[in-house]
Amino acid sequence: MTNTLSAIKTIRSHVGYARFLATCIDAGWIAKVEGIPSPFSYSRHWPLLQQQDGKLVFVRETSHKIYQVFEIPKDAEIFHEDPDS
C-alpha cells in the first residue's frame, strides 16, 4: 500500500472530530497504512468512513488533539468486518 498520502483535512479539537464523525457512516476497515504517524493507535486495522459525498476516508490522531483525515489509497484492501476481532 502506498505510504505517500497527504491529509485532505486537519481537525484540531475533540469537538471538531466528533462533528466530523457525525457526518460520516462506517464503511469497513483497512490495514494500517505504514508511514502515517499514529502514536495513540496500536491496531493493525483502522476503521474506514464514508463521507456524505461518497469519498472513503480514515482518520488518525497524529498528535495530541490533531486529527488528520486521509482518503484511502487506490490499492487498499477493504475488510467489511474488523479482522482483529
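A short reminder: the numbers here are calculations on the coordinates, not readings from a lab. Keep in mind that this is a model prediction, so the values were computed, not measured. Ideal geometry is used to build each Cβ from the backbone, glycine not excepted, and the neighbour counts take in all protein chains shown.
Before moving on, here are some points about what is shown:
- Qualifying residue in segment 75-84 (condition: surrounded by 14 or more Cβ atoms within 10 Å (Cβ to Cβ), out of contact with any strand residue (DSSP E or B) (no Cβ under 8 Å at 6 or more places or on another chain) and at negative phi): no
- Unmet criterion (only one of (1) in contact with a Lys or Arg (Cβ under 6 Å, 6 or more places away or on another chain); (2) more than 17 Å from residue 13 (Cα to Cα)) for residue 55: (1)
- Residue list for segment 76-85, filter: assigned to a loop (DSSP other than H, G, I, E, B) and farther than 17 Å from residue 7 by Cα: 77, 80, 81, 82, 83, 84, 85
- Single residue of 40, 20 found to be surrounded by 11 or more Cβ atoms within 10 Å (Cβ to Cβ), free of Cβ contacts under 8 Å to residues at least 60 places away in the same chain and within 14 Å of the chain's Cα centre (by Cα): 20
- Checked against the criterion of being over 26 Å from residue 85 (Cα atoms) and among the hydrophobic types (A, V, I, L, M, F, W, C), segment 41-59 has no qualifying residue.
- Residue in segment 25-35 that is surrounded by the fewest Cβ atoms within 10 Å (Cβ to Cβ), counting only those that are touching a Phe, Trp or Tyr at 6+ places or on another chain (Cβ under 7 Å) and of a type outside the set (Gly, Ala, Ser): 32
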